[in-house]
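The values are calculated or read from the model by the stated rules, or taken from the named source; none is laboratory data. Predicted model only: the values in this text are computed from it and were never measured. Heads up, the Cβs are rebuilt from the backbone with ideal geometry, glycines too, and the neighbour counts pull from every protein chain shown.
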Amino acid sequence: MVLNKHILSALGLAAMLVGSAVHASSAQIQVDFTNNAPTGGTLKTPVWVGFHDGGFDTFTTGQAATQGLERLAEDGNVSVLSSEFKASTMGGVDGRVGNAPIGPQGSASNTFTVNTDGSNNYFSYASMVLTSSDFFIGNGDPLAVDLSDLLSGMVSSLSFDVFRVYDAGTEVNDFATSPA
């Protein structure tokens, strides 16, 4: 996953971009997601993403899944997780990347406008693994992906690989009958 920053109201002059990067009250973050599974590998549903102040925990390993995570992990529906996010964050920004399952070697991107005042310094994500009953990828540590350097202009992009797949524990693992 790659996160790129573009300052809002950029006038096309490099000096102005660098000078206004520190003082801008908002920035555009482009989130690029690539499914690096080999041909014939797993698909991912559109990816739910959230920008927050570090207070939103998508999940905690070993604890029961929230209704939002259950809906995402079982059927790829991000709406309940989005509602949980909005109810528990002030100034948080969330959305999804992609509109259809993202197949092996496929990619999707979306751009989000976030505040640079500290309310959007952290990034969370989650996506269902297809085909499965309730497997998903995501980050359970709300502080794992810190965007401070990106939002301050110290770096222009962040990139990380996702290797861990989680079981939401909300259904019996039966791939032969999985609705996905």
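So the values come out like this:
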{"quantity": "Residue match in segment 109-120 (condition: closer than 23 Å to Ala37 by Cβ and exposed (fewer than 13 other Cβ atoms within 10 Å of the Cβ))", "calculated": "no"}
{"quantity": "Segment 36-67, subset more than 14 Å from the chain's Cα centre (by Cα) and not in a loop (DSSP other than H, G, I, E, B), residue modelled with the lowest pLDDT", "calculated": "Leu43"}
{"quantity": "Lone qualifier among Asp94, Asp75 - being surrounded by 19 or more Cβ atoms within 10 Å (Cβ to Cβ) and either closer than 18 Å to Thr45 by Cα or aliphatic (A, V, I, L, M) (or both)", "calculated": "Asp94"}
{"quantity": "Count of segment 74-108 residues which are assigned to a helix (DSSP H, G or I) and over 24 Å from Asn35 (Cβ atoms)", "calculated": "5"}
{"quantity": "Failed item in (1) surrounded by 17 or more Cβ atoms within 10 Å (Cβ to Cβ); (2) in contact (Cβ under 8 Å) with a residue 24 or more places away in the chain, with Thr66 passing the rest", "calculated": "(2)"}
{"quantity": "Complete set of residues in segment 33-53 that are among the charged types (D, E, K, R) and more than 21 Å from Asp146 (Cβ to Cβ)", "calculated": "Lys44"}
{"quantity": "Among residues of segment 121-155, those that are surrounded by fewer than 18 Cβ atoms within 10 Å (Cβ to Cβ) and polar (S, T, N, Q), counted", "calculated": "3"}
